[in-house]
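For reference, the structure discussed in these notes is given below.
The values are calculated or read from the model by the stated rules, or taken from the named source; none is laboratory data. The shown structure was predicted, so the numbers you read here are calculated from the model rather than taken from an experiment. Backbone-built Cβ (ideal geometry, glycine too); neighbour counts: all protein chains shown. Keep in mind that these areas ignore ligands, DNA and RNA; they rest on the heavy atoms of the full protein, side chains included. Shrake-Rupley method; radii C 1.70, N 1.55, O 1.52, S 1.80 Å.
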Amino acid sequence: MKSMLGVLARVPLFRLYRRFGWPKMLPINLTLSPSPKCNSRCLTCNIWMKRENELTLEEWDKALASMGSAPYWFTISGGEPLMYPHVVELAKLAYKHCQPGIINIPTNGILNSIPDRVRAICEACPESQVIINLSLDGVGEKHDFIRGVMGNFEKFEERLEQLLALRDEFDNLIIGIHSVISVFNHDHVPELIAYANRSGADQFITEIAEPRVELDTVGLPITPDPEEYAAAIDQLIAYIESKQFTGMAKITEAFRIEYYKLVKKILDEQDQVIDCYAGWASAQIYSDGTVWPCCVRADDLGNLRDFAYDFKEIWFGEKIKEVRRSIAAKECHCPLANASYTNMLHDVPTLTRVGLKVISPNSGRERFGGTAGERIPLPMAQDDVSSE
């Protein structure tokens, strides 16, 4: 498995790249969206309505080969990524060409085939940490209402039990619970925390519902007011701070608290707050081959089909320069989790606060589920979920 120290060693280079345009660096955080198709009908997402001219596996093979070993963590997103018929093969291609440290896959937990596909990915990618985050936006009927599928909560619990059993077979498998905080559930956070805490999952993570071009949610009233979000997330922060963690779990939860506080600031100030590295250190490839700096803006940087599937031709080309200028000028701001964790790695004050928290005295060792958190990795690409 690639060392996280190798990623941290590249941080100064990305800071130089963002400021001066040199040295040229390929992203370390890459999201692949092979298909927008989804079997959920969430109140916070309309991606299931989309149909695209999707890249074939042969096309993905060429594109990933052009990136070499640069990416450290992959998120295979959706739609519902485990509904994509070639998801195992796509993970194998990412592993073959890039040898990532992390392969993260969100899922709504509906399909019966999910455990078999997760098993196949774990077996095929033994040196990567495979993270499966099950989406949970409410407990019981509340989850089914927000997700738009009757019986989804029952499927979620069935899938969680199966994946936790599978986790015992694979040292490289992490099982998490992920909640999108929206206008529909911001007052249900204590119930979600309590459920996650007794679930046996390795981690409980949240992000905020937001307008994204990818999800076709621009203009939809799904984002809670700053005060509503603060009231909800402060309960989670207080819960985390009441726990005692050691090892990697202590680092992970310190970063998560920083992210939740960052989201509050972004909502209050309507500004980037810290520099954004989308378009430098993180990127997304949409199902039709279009390269984006992120899924919120979804700027068309170029289509891989027009550049012989060479990602570098787009990443180091002319069209991306104006997008980077716009991002650096803070002409956008968002709390996108995937990019935010990458951004925090490049923010010295954030790293300082995390470092001070990590070295502070701490005698316990806990995680959601009640056992030691040594399996929990750094949270970089774990929290961003397009599987709605």
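Return the carbon/sulfur percentage of the accessible area of the chain, one whole number, probe 1.4 Å, all protein chains in place. Of all accessible area on the chain, carbon and sulfur atoms account for 54 percent. A viscosity of 1.567 mPa s and a temperature of 4 °C, combined with the Kirkwood radius over Cα pairs in Stokes-Einstein, give a translational diffusion coefficient for the stretch 242-367 of 80 µm²/s. Stretching Ser69 away from Asp234 to a fully extended chain increases their span by 55.6 nm, per 0.36 nm per residue minus the current alpha-carbon distance. In the chain, helical runs assigned H by DSSP with n ≥ 4 each contribute -39500 (n - 2.57); averaged across all residues and rounded to the nearest 500, the mean residue ellipticity at 222 nm is -12500 deg cm²/dmol. Using alpha carbon centroids, what distance separates the stretch 281-350 and the stretch 181-253, in Å? Going from one Cα centre to the other spans 25 Å. Listed options for Kirkwood radius over Cα pairs in Å are [x] 20.7; [y] 23.5; [z] 24.3. The value calculated from this structure is the one marked [x]. Once the 1.4 Å probe is applied to the protein heavy atoms, the chain comes out at 37 Å² accessible per residue.
Taking all protein chains as shown and a probe of 1.4 angstrom, Cys332 keeps an accessible surface of around 30 Å². For Ile193, the accessible area of its heavy atoms, probed at 1.4 Å with every protein chain present, is near 10 square angstrom.
Taking C-beta distances below 4.7 angstrom as the pairing criterion, name the unpartnered cysteines of the chain, in sequence order. Flagged as lacking a Cys partner: Cys38, Cys98, Cys122, Cys125, Cys276, Cys294, Cys295, Cys332, Cys334.
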